[in-house]
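Working notes, structure below.
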Amino acid sequence: MSTKQFIAEISSKKIEKATFTWQTPSNIALVKYWGKTNPQIPKNASISFTLNNCNTKTTIEFTHKQNSNNVSELENKVDFDLFFEGKKKEEFKPKIAEFFKRVQLYCPYIFDYQMIIHSENSFPHSSGIASSASGLSAIAMCLMSLESKLNTSLTKEFINKKASFLARLGSGSASRSVEGPLVVWGNHPEIEGSSDLFGIKFPHKVHSAFQNYQDTILLVDKGEKQVSSTLGHNLMQNHPFAENRFAQANENLGKLSKILQNGNIKAFVNLVESEALTLHAMMLTSQPYFILMKPNTLEIINKIWEYRQENNSNVCFTLDAGANVHVLYPFSEKESVQQFIDKKLYKYCQKKQYIYDSVGLGAKSL
Ligand code: DP6
(Lines give C-alpha, C1' and ligand atoms only; values in the text may rest on other atoms or scores of the structure.)
Protein backbone atom coordinates (compact mmCIF):
# COMPACT_ATOMS: atom_id res chain seq x y z
CA MET A 1 0.00 0.00 0.00
CA SER A 2 1.27 3.42 -0.93
CA THR A 3 2.22 6.05 1.63
CA LYS A 4 1.33 8.80 -0.88
CA GLN A 5 -2.23 8.99 0.41
CA PHE A 6 -0.81 10.35 3.68
CA ILE A 7 1.02 13.34 2.19
CA ALA A 8 -1.06 16.38 3.05
CA GLU A 9 -1.62 18.80 0.23
CA ILE A 10 -0.29 22.28 0.88
CA SER A 11 -3.25 24.34 1.90
CA SER A 12 -3.74 27.98 1.04
CA LYS A 13 -5.77 28.24 4.22
CA LYS A 14 -4.12 29.98 7.12
CA ILE A 15 -5.18 29.48 10.71
CA GLU A 16 -3.72 32.10 13.04
CA LYS A 17 -4.08 30.16 16.26
CA ALA A 18 -5.59 26.84 17.26
CA THR A 19 -5.41 24.66 20.37
CA PHE A 20 -6.30 20.98 20.58
CA THR A 21 -6.28 18.54 23.47
CA TRP A 22 -6.31 14.76 23.13
CA GLN A 23 -6.22 11.95 25.63
CA THR A 24 -4.84 8.76 24.18
CA PRO A 25 -4.30 5.41 25.88
CA SER A 26 -1.49 2.98 26.34
CA ASN A 27 -2.03 -0.55 25.01
CA ILE A 28 -0.95 -4.06 25.89
CA ALA A 29 0.00 -6.48 23.14
CA LEU A 30 -1.42 -10.02 23.18
CA VAL A 31 0.60 -11.09 20.15
CA LYS A 32 3.84 -9.17 20.33
CA TYR A 33 5.70 -6.94 17.89
CA TRP A 34 9.43 -7.60 18.30
CA GLY A 35 11.59 -6.99 15.24
CA LYS A 36 11.26 -4.35 12.53
CA THR A 37 12.80 -2.89 9.40
CA ASN A 38 13.01 0.71 8.30
CA PRO A 39 10.91 2.86 8.38
CA GLN A 40 9.14 1.26 11.34
CA ILE A 41 7.79 -1.72 9.40
CA PRO A 42 7.03 -4.67 11.69
CA LYS A 43 8.43 -8.12 10.96
CA ASN A 44 5.13 -9.66 12.05
CA ALA A 45 1.59 -8.57 12.73
CA SER A 46 0.56 -7.86 16.33
CA ILE A 47 -2.65 -7.27 18.24
CA SER A 48 -3.33 -5.41 21.47
CA PHE A 49 -6.00 -4.49 23.95
CA THR A 50 -6.34 -0.74 24.16
CA LEU A 51 -6.23 0.39 27.80
CA ASN A 52 -8.51 2.85 29.50
CA ASN A 53 -6.92 4.36 32.61
CA CYS A 54 -3.28 4.47 31.53
CA ASN A 55 -3.20 7.40 29.17
CA THR A 56 -1.48 10.60 28.14
CA LYS A 57 -3.21 13.95 27.88
CA THR A 58 -1.60 16.36 25.44
CA THR A 59 -2.48 19.89 24.41
CA ILE A 60 -0.80 21.57 21.47
CA GLU A 61 -1.17 25.26 20.87
CA PHE A 62 -0.37 26.07 17.25
CA THR A 63 0.47 29.68 16.34
CA HIS A 64 1.00 30.59 12.70
CA LYS A 65 4.41 32.13 12.23
CA GLN A 66 4.88 35.47 10.52
CA ASN A 67 7.03 35.14 7.36
CA SER A 68 6.82 31.43 8.11
CA ASN A 69 7.53 28.45 6.05
CA ASN A 70 10.52 28.73 3.84
CA VAL A 71 13.09 29.55 6.50
CA SER A 72 12.26 26.71 8.88
CA GLU A 73 11.67 24.33 6.03
CA LEU A 74 15.04 25.15 4.53
CA GLU A 75 16.68 24.71 7.88
CA ASN A 76 14.58 21.59 8.31
CA LYS A 77 13.66 22.72 11.79
CA VAL A 78 10.31 22.39 13.47
CA ASP A 79 9.67 25.07 16.06
CA PHE A 80 8.29 23.69 19.35
CA ASP A 81 8.47 23.91 23.12
CA LEU A 82 7.68 20.98 25.36
CA PHE A 83 6.25 20.95 28.87
CA PHE A 84 5.77 17.70 30.77
CA GLU A 85 3.59 17.81 33.86
CA GLY A 86 3.89 21.60 33.88
CA LYS A 87 7.66 21.76 33.61
CA LYS A 88 9.75 22.56 30.56
CA LYS A 89 11.54 19.38 29.55
CA GLU A 90 14.53 19.95 27.32
CA GLU A 91 15.62 16.33 27.76
CA PHE A 92 12.43 15.00 26.12
CA LYS A 93 12.82 17.27 23.08
CA PRO A 94 15.21 15.17 20.94
CA LYS A 95 12.74 12.26 20.75
CA ILE A 96 9.89 14.56 19.72
CA ALA A 97 12.15 16.46 17.29
CA GLU A 98 13.01 13.10 15.69
CA PHE A 99 9.29 12.30 15.48
CA PHE A 100 8.58 15.62 13.71
CA LYS A 101 11.44 14.90 11.31
CA ARG A 102 9.88 11.55 10.41
CA VAL A 103 6.40 12.99 9.85
CA GLN A 104 7.29 16.27 8.14
CA LEU A 105 6.92 14.81 4.64
CA TYR A 106 3.33 13.87 5.50
CA CYS A 107 2.51 17.02 7.48
CA PRO A 108 4.46 19.81 5.73
CA TYR A 109 2.25 22.40 7.45
CA ILE A 110 4.14 21.87 10.73
CA PHE A 111 6.83 24.24 9.45
CA ASP A 112 4.29 27.08 9.38
CA TYR A 113 3.49 26.89 13.08
CA GLN A 114 5.09 27.43 16.41
CA MET A 115 3.92 24.64 18.69
CA ILE A 116 3.66 24.65 22.45
CA ILE A 117 3.13 21.14 23.74
CA HIS A 118 1.84 20.35 27.22
CA SER A 119 1.71 16.70 28.17
CA GLU A 120 0.93 14.62 31.25
CA ASN A 121 0.51 10.93 32.00
CA SER A 122 -2.20 9.40 34.17
CA PHE A 123 0.30 6.84 35.45
CA PRO A 124 3.37 7.54 37.58
CA HIS A 125 6.34 8.78 35.62
CA SER A 126 9.04 6.16 34.95
CA SER A 127 6.73 3.42 36.20
CA GLY A 128 8.00 1.24 33.40
CA ILE A 129 4.67 1.65 31.61
CA ALA A 130 5.50 2.55 28.03
CA SER A 131 4.54 6.18 27.63
CA SER A 132 5.73 6.35 24.04
CA ALA A 133 2.59 4.65 22.70
CA SER A 134 0.17 7.01 24.45
CA GLY A 135 2.46 10.05 24.15
CA LEU A 136 3.11 9.82 20.43
CA SER A 137 -0.44 8.92 19.51
CA ALA A 138 -1.63 12.02 21.40
CA ILE A 139 0.69 14.28 19.40
CA ALA A 140 -0.40 12.55 16.19
CA MET A 141 -4.08 13.23 17.04
CA CYS A 142 -3.32 16.92 17.70
CA LEU A 143 -1.56 17.19 14.32
CA MET A 144 -4.56 15.57 12.65
CA SER A 145 -6.91 18.04 14.36
CA LEU A 146 -4.94 20.90 12.82
CA GLU A 147 -4.83 19.12 9.46
CA SER A 148 -8.58 18.62 9.47
CA LYS A 149 -9.04 22.37 10.03
CA LEU A 150 -6.78 23.05 7.05
CA ASN A 151 -8.61 20.50 4.94
CA THR A 152 -12.20 20.14 6.03
CA SER A 153 -12.92 17.28 3.64
CA LEU A 154 -11.05 14.67 5.70
CA THR A 155 -13.22 11.86 7.04
CA LYS A 156 -13.03 10.55 10.61
CA GLU A 157 -11.87 7.23 9.21
CA PHE A 158 -8.97 8.85 7.34
CA ILE A 159 -8.05 11.00 10.35
CA ASN A 160 -7.70 7.93 12.58
CA LYS A 161 -5.86 5.98 9.91
CA LYS A 162 -3.35 8.77 9.30
CA ALA A 163 -2.98 9.45 13.06
CA SER A 164 -2.06 5.79 13.51
CA PHE A 165 0.31 6.00 10.51
CA LEU A 166 2.06 9.06 12.00
CA ALA A 167 2.19 7.59 15.52
CA ARG A 168 3.79 4.43 14.10
CA LEU A 169 6.64 6.50 12.68
CA GLY A 170 7.37 7.62 16.25
CA SER A 171 6.95 4.25 17.92
CA GLY A 172 5.56 1.08 16.40
CA SER A 173 3.21 0.20 19.25
CA ALA A 174 1.81 3.77 19.20
CA SER A 175 0.02 2.86 15.97
CA ARG A 176 -2.22 0.66 18.15
CA SER A 177 -3.17 3.52 20.52
CA VAL A 178 -5.66 5.47 18.42
CA GLU A 179 -8.66 3.14 18.50
CA GLY A 180 -9.99 0.27 20.62
CA PRO A 181 -10.86 -2.14 22.11
CA LEU A 182 -8.63 -4.44 20.00
CA VAL A 183 -6.22 -3.19 17.35
CA VAL A 184 -4.20 -5.13 14.78
CA TRP A 185 -1.07 -3.63 13.30
CA GLY A 186 0.83 -5.39 10.52
CA ASN A 187 -0.25 -7.03 7.35
CA HIS A 188 -1.93 -10.39 7.99
CA PRO A 189 -3.59 -12.58 5.38
CA GLU A 190 -6.53 -13.46 7.63
CA ILE A 191 -7.25 -9.93 8.87
CA GLU A 192 -8.92 -7.95 6.17
CA GLY A 193 -7.70 -4.38 5.83
CA SER A 194 -4.62 -4.98 8.01
CA SER A 195 -1.48 -3.07 7.08
CA ASP A 196 2.15 -2.62 8.04
CA LEU A 197 1.58 1.13 7.85
CA PHE A 198 -1.13 1.67 10.46
CA GLY A 199 -3.31 -0.10 13.01
CA ILE A 200 -6.91 -1.10 12.35
CA LYS A 201 -9.71 -2.07 14.69
CA PHE A 202 -10.02 -5.85 14.94
CA PRO A 203 -12.60 -6.35 12.19
CA HIS A 204 -14.68 -9.22 13.66
CA LYS A 205 -17.35 -9.45 16.31
CA VAL A 206 -15.69 -10.26 19.63
CA HIS A 207 -17.24 -12.88 21.95
CA SER A 208 -18.88 -11.53 25.11
CA ALA A 209 -16.28 -13.36 27.27
CA PHE A 210 -13.76 -10.74 26.13
CA GLN A 211 -15.96 -7.67 26.65
CA ASN A 212 -14.66 -5.25 29.24
CA TYR A 213 -11.58 -7.40 29.89
CA GLN A 214 -9.57 -6.37 32.95
CA ASP A 215 -5.85 -5.61 33.18
CA THR A 216 -4.09 -4.90 36.46
CA ILE A 217 -0.54 -3.69 35.97
CA LEU A 218 1.81 -4.74 38.73
CA LEU A 219 4.73 -2.33 38.92
CA VAL A 220 7.56 -4.70 39.72
CA ASP A 221 10.41 -2.47 38.69
CA LYS A 222 10.02 1.17 37.98
CA GLY A 223 13.63 1.82 37.04
CA GLU A 224 14.96 2.82 33.66
CA LYS A 225 15.06 -0.19 31.33
CA GLN A 226 18.56 -1.59 30.83
CA VAL A 227 17.83 -2.28 27.17
CA SER A 228 15.56 -0.01 25.15
CA SER A 229 12.91 -1.45 22.84
CA THR A 230 14.73 0.02 19.86
CA LEU A 231 17.87 -1.90 20.75
CA GLY A 232 15.85 -5.04 21.43
CA HIS A 233 14.12 -4.83 18.05
CA ASN A 234 17.52 -4.45 16.37
CA LEU A 235 18.80 -7.60 18.06
CA MET A 236 16.16 -9.56 16.13
CA GLN A 237 18.29 -8.96 13.04
CA ASN A 238 20.57 -11.98 12.73
CA HIS A 239 18.80 -13.61 15.68
CA PRO A 240 19.03 -17.41 15.25
CA PHE A 241 15.28 -17.90 15.91
CA ALA A 242 14.01 -14.75 14.19
CA GLU A 243 12.34 -16.26 11.13
CA ASN A 244 10.57 -18.95 13.17
CA ARG A 245 9.45 -16.36 15.66
CA PHE A 246 7.96 -14.06 12.99
CA ALA A 247 6.13 -17.01 11.42
CA GLN A 248 4.89 -18.15 14.85
CA ALA A 249 3.59 -14.68 15.74
CA ASN A 250 1.60 -14.51 12.50
CA GLU A 251 0.24 -17.99 13.13
CA ASN A 252 -0.68 -17.01 16.69
CA LEU A 253 -2.54 -13.96 15.44
CA GLY A 254 -4.59 -16.17 13.11
CA LYS A 255 -5.40 -18.46 16.05
CA LEU A 256 -6.18 -15.57 18.40
CA SER A 257 -8.52 -14.04 15.85
CA LYS A 258 -10.62 -17.21 16.02
CA ILE A 259 -10.39 -17.42 19.82
CA LEU A 260 -11.60 -13.83 20.20
CA GLN A 261 -14.62 -14.69 18.08
CA ASN A 262 -15.48 -18.08 19.60
CA GLY A 263 -14.81 -17.18 23.26
CA ASN A 264 -12.43 -20.07 24.01
CA ILE A 265 -10.90 -18.43 27.02
CA LYS A 266 -8.65 -21.38 28.00
CA ALA A 267 -7.02 -21.17 24.57
CA PHE A 268 -6.69 -17.40 25.04
CA VAL A 269 -4.83 -17.88 28.34
CA ASN A 270 -2.47 -20.38 26.78
CA LEU A 271 -1.68 -18.29 23.71
CA VAL A 272 -1.25 -14.99 25.54
CA GLU A 273 1.11 -16.38 28.19
CA SER A 274 3.10 -18.23 25.56
CA GLU A 275 3.50 -15.00 23.56
CA ALA A 276 4.79 -13.16 26.64
CA LEU A 277 7.32 -15.87 27.48
CA THR A 278 8.41 -16.15 23.84
CA LEU A 279 9.07 -12.41 23.71
CA HIS A 280 11.37 -12.75 26.71
CA ALA A 281 12.89 -15.92 25.28
CA MET A 282 13.97 -13.83 22.28
CA MET A 283 15.76 -11.50 24.69
CA LEU A 284 17.40 -14.41 26.51
CA THR A 285 18.68 -15.83 23.23
CA SER A 286 19.85 -12.71 21.40
CA GLN A 287 23.48 -11.63 21.15
CA PRO A 288 24.14 -9.82 23.40
CA TYR A 289 21.58 -11.58 25.63
CA PHE A 290 19.69 -9.80 28.37
CA ILE A 291 17.02 -10.41 31.01
CA LEU A 292 14.33 -7.84 31.74
CA MET A 293 12.32 -9.97 34.16
CA LYS A 294 13.11 -9.58 37.87
CA PRO A 295 12.80 -12.22 40.62
CA ASN A 296 9.39 -10.78 41.56
CA THR A 297 8.18 -11.12 37.97
CA LEU A 298 8.67 -14.89 38.33
CA GLU A 299 7.14 -14.95 41.83
CA ILE A 300 4.01 -13.32 40.45
CA ILE A 301 3.81 -15.69 37.47
CA ASN A 302 4.00 -18.69 39.79
CA LYS A 303 1.36 -17.25 42.11
CA ILE A 304 -0.95 -16.65 39.15
CA TRP A 305 -0.49 -20.25 38.01
CA GLU A 306 -1.20 -21.54 41.51
CA TYR A 307 -4.31 -19.40 41.86
CA ARG A 308 -5.57 -20.42 38.43
CA GLN A 309 -5.15 -24.08 39.24
CA GLU A 310 -6.75 -23.90 42.68
CA ASN A 311 -9.72 -21.77 41.65
CA ASN A 312 -10.34 -22.99 38.13
CA SER A 313 -9.84 -19.37 37.16
CA ASN A 314 -9.07 -17.83 33.77
CA VAL A 315 -6.66 -15.24 35.07
CA CYS A 316 -3.41 -15.01 33.07
CA PHE A 317 -0.43 -12.72 32.63
CA THR A 318 1.39 -10.95 29.89
CA LEU A 319 4.62 -8.95 29.88
CA ASP A 320 5.94 -6.13 27.78
CA ALA A 321 9.60 -5.26 27.39
CA GLY A 322 10.22 -4.91 31.11
CA ALA A 323 9.70 -6.51 34.52
CA ASN A 324 6.12 -5.37 35.13
CA VAL A 325 3.32 -7.91 34.93
CA HIS A 326 -0.04 -7.29 33.30
CA VAL A 327 -2.63 -9.49 35.00
CA LEU A 328 -5.47 -10.15 32.55
CA TYR A 329 -8.87 -11.52 33.58
CA PRO A 330 -12.47 -11.53 32.41
CA PHE A 331 -14.95 -9.05 33.84
CA SER A 332 -16.88 -11.96 35.41
CA GLU A 333 -13.88 -12.66 37.69
CA LYS A 334 -13.23 -9.05 38.59
CA GLU A 335 -14.08 -9.27 42.26
CA SER A 336 -12.30 -12.53 43.05
CA VAL A 337 -9.11 -11.77 41.10
CA GLN A 338 -8.86 -8.28 42.54
CA GLN A 339 -9.08 -9.77 46.02
CA PHE A 340 -6.30 -12.18 45.09
CA ILE A 341 -4.16 -9.28 43.82
CA ASP A 342 -4.84 -7.15 46.91
CA LYS A 343 -4.01 -10.04 49.25
CA LYS A 344 -1.31 -12.03 47.50
CA LEU A 345 0.38 -10.06 44.72
CA TYR A 346 0.74 -6.50 45.99
CA LYS A 347 3.78 -7.43 48.05
CA TYR A 348 5.83 -8.18 44.94
CA CYS A 349 5.28 -4.66 43.57
CA GLN A 350 7.77 -1.88 44.05
CA LYS A 351 6.39 0.46 46.69
CA LYS A 352 3.32 -1.83 46.60
CA GLN A 353 2.09 0.00 43.51
CA TYR A 354 -0.28 -1.43 40.93
CA ILE A 355 -2.86 0.04 38.59
CA TYR A 356 -6.34 -1.28 37.91
CA ASP A 357 -7.17 -0.87 34.27
CA SER A 358 -9.51 -2.37 31.71
CA VAL A 359 -9.99 -2.35 27.99
CA GLY A 360 -10.78 1.05 26.48
CA LEU A 361 -11.96 2.54 23.23
CA GLY A 362 -9.09 4.75 22.14
CA ALA A 363 -8.34 8.44 21.66
CA LYS A 364 -10.67 11.06 23.11
CA SER A 365 -10.80 14.72 22.20
CA LEU A 366 -11.08 16.88 25.31
C1 DP6 B 1 7.48 -5.57 23.70
O2 DP6 B 1 6.73 0.12 20.03
O3 DP6 B 1 8.24 0.43 22.03
O4 DP6 B 1 5.94 -3.78 23.89
O5 DP6 B 1 8.82 0.89 17.50
O6 DP6 B 1 11.07 0.94 18.58
O7 DP6 B 1 9.24 2.41 19.45
P8 DP6 B 1 9.60 1.09 18.77
O9 DP6 B 1 9.22 -0.06 19.79
P10 DP6 B 1 7.98 -0.25 20.73
O11 DP6 B 1 8.03 -1.83 20.95
C12 DP6 B 1 7.05 -2.46 21.70
C13 DP6 B 1 7.46 -3.83 22.01
C14 DP6 B 1 6.58 -4.62 22.95
C15 DP6 B 1 5.56 -5.45 22.19
C16 DP6 B 1 4.37 -4.76 21.62
O17 DP6 B 1 3.90 -3.75 22.17
O18 DP6 B 1 3.85 -5.30 20.62
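See the values below:
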read-out: Residue within the range 121-129 that is aliphatic (A, V, I, L, M) and open to solvent by less than 10 Å² (accessible area, probe 1.4 Å) present; value: no
read-out: Residue ranges of helices (runs of 4 or more DSSP H) in the range 240-354 with at least 3 members surrounded by 20 or more Cβ atoms within 10 Å (Cβ to Cβ); value: 242-262, 265-284, 295-311
read-out: Test: residue in the range 97-104 that is open to solvent by 70 Å² or more (accessible area, probe 1.4 Å), touching a helix residue (DSSP H, G or I) at 6+ places or on another chain (Cβ under 8 Å), touching a residue at least 60 places away in the same chain (Cβ under 8 Å) and not acidic (Asp, Glu); value: yes
read-out: Some residue of the range 92-113 being basic (Lys, Arg), in contact with an Asp or Glu (Cβ under 9 Å, 6 or more places away or on another chain) and in the same structural domain as residue 35 (by TED's automatic domain parsing); value: yes
read-out: Where residue 148 falls short, out of the listed (1) within 16 Å of the ligand (Cβ to nearest atom); (2) closer than 23 Å to residue 101 by Cβ; value: (1)
read-out: Residue match in the range 345-358 (condition: among the acidic types (Asp, Glu), closer than 23 Å to residue 235 by Cβ and either within 16 Å of the ligand (Cβ to nearest atom) or under 19 Å from the mean Cα position of the chain (by Cα) (or both)); value: no
read-out: Residue tally, condition more than 16 Å from residue 196 (Cβ to Cβ) and more than 10 Å from the ligand (Cβ to nearest atom), over the range 23-42; value: 3
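The values are calculated or read from the model by the stated rules, or taken from the named source; none is laboratory data. Everything numeric here is computed off the predicted structure, so don't read it as measured data. Ideal geometry is used to build each Cβ from the backbone, glycine not excepted, and the neighbour counts take in all protein chains shown. Quick note on the areas: whole protein, heavy atoms, side chains included, nothing else; ligands and nucleic acids left out. Shrake-Rupley method; radii C 1.70, N 1.55, O 1.52, S 1.80 Å.
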